[in-house]
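> Here's a structure for you.
Just so it is clear, none of the values below were taken in a lab; they were calculated from the coordinates. Predicted model only: the values in this text are computed from it and were never measured. All Cβ positions, even for glycine, are placed from backbone atoms using ideal geometry, and neighbour counts span all protein chains on display.
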Amino acid sequence: MDNTKRFDTAAISLSKRLSDLFLAMDKSDKDRIREIRIRNRRPVTVITDKGAELLTPSGRLTQIYSDLVLKTDENEVSEIFRRLCGYSVHSFADAINRGYITIKGGHRAGVAGTAVTENGKITAVRDICAVNLRIAREIKGAADDVVKMFFSHGLCSVIIAGPPSSGKTTVLRDLARQLSSAEGLFRKTFICDERGEIGASFSGIEQNDIGINSDLITSYPKAEGIMIGLRSFSPDIIICDEISTYEETRAVISGVNSGVCFALSIHARNEDELKSKQLLKNLLETGEFRRVVLLSAEKVGTVEKIFGAGELIA
């Protein structure tokens, strides 16, 4: 599926008024849009390579704010939320409580509202007031630099860091494709896709190309998914996105101690943020992760700097 069609699968999930406008856009505009942000009684905003742009009633994009830009109300936001859930909100309850919904094509919709809590845990979200639809892109070749730098002489473990929208998931997806295909000698690749963005599985069929010799599990908590991979799939390498808890870190360390390589991602904007992350230090102290790749915020998948482990845990 090319990225224009992929954009269309995301746009269809919106209200009819908005989906009609987005579907009618020129291909050049569709290919530029990374996020669609919809908020109660505020302008419809898209994030593109130029930054934030506003949608007009005619479907044009502009960076000039005026009373003529398109706005949504509570009813339309609520309708979009229900459409994203396939009109079966209860089926997405767990994901909604975590703040997002993953839809066909691997697109992720962040959801904002009022939390209902019980004993300190979120049990439901009501009064939905905003939706941020992130457009999933499949860019074959996005991992070329990482493969050349780290995998030209065999498997190793690597951590991909970067700010939001820098292409961490895109790089991991393409890395899985390359390592598990002929060019990577058909390495046994296990993908723990908790949020459904790497493989974008829908009804058990991956929407993205993750290679010939990859196994994918979706929506499992990462720590549990990693252990399933170790116990049942004898992987050469495990790939998972956004390591963020001590439980996940412990599962990775268990895998490292079993002789399995990992390709992971974490959020970090710069060297200072990398150095401040204790979870990252715990991983680097295993000695398995000798390099951390920091992606640029300017262009998806572009390597800005490579750090040696010693630079970040000294």
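> Every cysteine in the chain with no other Cys Cβ under 4.7 Å from its Cβ, please list them in numeric order.
CYS85, CYS129, CYS156, CYS261 - these cysteines have no disulfide-compatible partner (Cβ-Cβ under 4.7 Å) in the chain.
> Okay, next question. What are the ³J(HN,Hα) couplings of segment 119-134, residue after residue, when phi is run through the Karplus curve with 6.51, -1.76, 1.60 and θ = phi - 60°? Round to Hz, x for glycine and proline.
6, x, 10, 6, 10, 6, 10, 10, 6, 4, 10, 7, 9, 10, 9, 8
> Mind listing the phi-derived Karplus ³J(HN,Hα) values for segment 143-149, rounded to whole Hz, using 6.51, -1.76 and 1.60 with θ = phi - 60°, and x for any glycine or proline?
Using θ = phi - 60°, the values come out as 9, 3, 5, 5, 5, 5, 6 Hz.
> Explain nothing, just the number: relative contact order of segment 3-134, from Cα pairs under 8 Å at least 6 residues apart, as a whole percent. Please list the in-between numbers first.
Working: 227 pairs, mean separation 29.7, N = 132.
Dividing the mean separation by the residue count of segment 3-134 yields 22 percent.
> Sticking with this structure for a sec: Using a 7 Å offset from Cα along Cα-Cβ at ARG98, what residues in segment 176-214 end up with backbone N under 19 Å from the label point?
Under 19 Å, as judged by backbone N against the label point of ARG98, lie 190-208 of segment 176-214.
> Say the cut-off is 21 Å between C-alpha atoms; which of LYS277/LYS305; LYS140/LYS277; LYS71/LYS299; LYS50/LYS299 go over it? Display every interim value, and only then the final one.
Values: LYS277/LYS305 17 Å; LYS140/LYS277 30 Å; LYS71/LYS299 30 Å; LYS50/LYS299 12 Å.
Going by Cα-Cα distance, LYS140/LYS277; LYS71/LYS299 fall outside the 21 Å limit.
> Related question: With point charges of +1 on the Cβ of Lys and Arg and -1 on the Cβ of Asp and Glu, referenced to the Cα centre of the chain, which listed residue (GLY105, VAL158, GLN178) lies farthest in the positive direction of the dipole?
After comparing all options, I get GLY105.
> With a Förster radius of 25 Å, plug the Cβ-Cβ distance of ILE12 and ASP67 into 1/(1 + (r/R0)^6) and report the FRET value to the nearest 0.05. Don't skip to the answer; put the middle values down first.
On the way: r = 29 Å, r/R0 = 1.15.
Plugging the Cβ-Cβ distance into 1/(1 + (r/R0)^6) gives 0.30.
> While we're on this one: So who's got an amide H within less than 5 Å of the one on PHE262, skipping anything under 5 residues away but keeping other chains? H placed 1.01 Å off N, in plane.
Counting only residues 5 or more places away or on other chains, the set is SER157, VAL158, ILE238.
> By average Cβ neighbour count within 10 Å, what is the ranking of 157-164, 18-25, 132-139 from highest down?
Numbers: 157-164: 22.2, 18-25: 17.4, 132-139: 20.8.
Those peptides, ordered most packed to least, come out 157-164, 132-139, 18-25.
> Could you pull out the chymotrypsin sites (Phe, Trp or Tyr not before Pro) across segment 63-117 that fall in loop regions by DSSP (anything but H, G, I, E, B) with no more than 16 other Cβ atoms inside 10 Å? Could the numbers behind the result be given before it?
Numbers: sites: TYR65, PHE81, TYR87, PHE92, TYR100; in loops: TYR65, TYR87.
Counting only loop positions with at most 16 other Cβ atoms within 10 Å, the chymotrypsin sites (Phe, Trp or Tyr not before Pro) in segment 63-117 are TYR65, TYR87.
> Under 15 Å Cα-Cα from LYS27, which aspartates and glutamates qualify once same-chain neighbours fewer than 8 residues away are excluded?
Here the aspartates and glutamates satisfying the reach criterion relative to LYS27 are ASP2, ASP8, ASP49.
> Here's something else I'd like to know. Run through every distinct alpha carbon pair of segment 144-313 and return the Kirkwood hydrodynamic radius in angstroms, one decimal place. Write out the running numbers ahead of the final one.
On the way: mean 1/r = 0.0637 Å⁻¹.
For segment 144-313, the Kirkwood estimate is 15.7 Å.
> How much length is gained if the chain between LYS140 and GLU304 is pulled fully straight, taking 0.36 nm per residue apart and subtracting their Cα-Cα distance, in nm to one decimal? Numbers along the way, then the final one.
Numbers: separation 164, 0.36 × 164 = 59.04 nm, distance 1.92 nm.
Value of the extension gain: 57.1 nm.
> Ok, one more. Output the relative contact order of the chain, whole-number percent, from Cα pairs under 8 angstrom with separation of 6+ residues.
On the way: 621 pairs, mean separation 46.0, N = 314.
Once normalised by length, the contact order is 15 percent.
> Additional query: From the phi angles alone, apply the Karplus equation (6.51, -1.76, 1.60; θ = phi - 60°) to segment 293-303 and give each ³J(HN,Hα) in whole Hz, x where the residue is Gly or Pro.
For segment 293-303, the Karplus-derived couplings read 9, 9, 8, 7, 7, 7, 9, 4, x, 7, 6 Hz, x marking Gly and Pro.
> For ARG39 and HIS90, what does the FRET efficiency come to when R0 = 25 Å and r is the distance between their Cβ atoms, rounded to the nearest 0.05?
0.55
> A further question on this structure: Could you tell me the calculated FRET efficiency between ARG60 and ILE313, based on Cβ-Cβ distance and R0 = 41 angstrom, to the nearest 0.05?
Values: r = 50 Å, r/R0 = 1.22.
The pair ARG60/ILE313 has a calculated efficiency of 0.25.
> Kindly rank 235-244, 168-177, 267-276, 207-216 from highest to lowest mean number of other beta carbons found within 10 Å of each residue.
Values: 235-244: 22.5, 168-177: 26.5, 267-276: 15.3, 207-216: 20.1.
Packing proxy ranking, top to bottom: 168-177, 235-244, 207-216, 267-276.
> Then there's this: For the residue pair ASP272 and TYR220, what label-to-label distance in nm results when each label sits 7 Å from Cα along the Cα-to-beta-carbon direction?
So the label points at ASP272 and TYR220 sit 3.9 nm apart.
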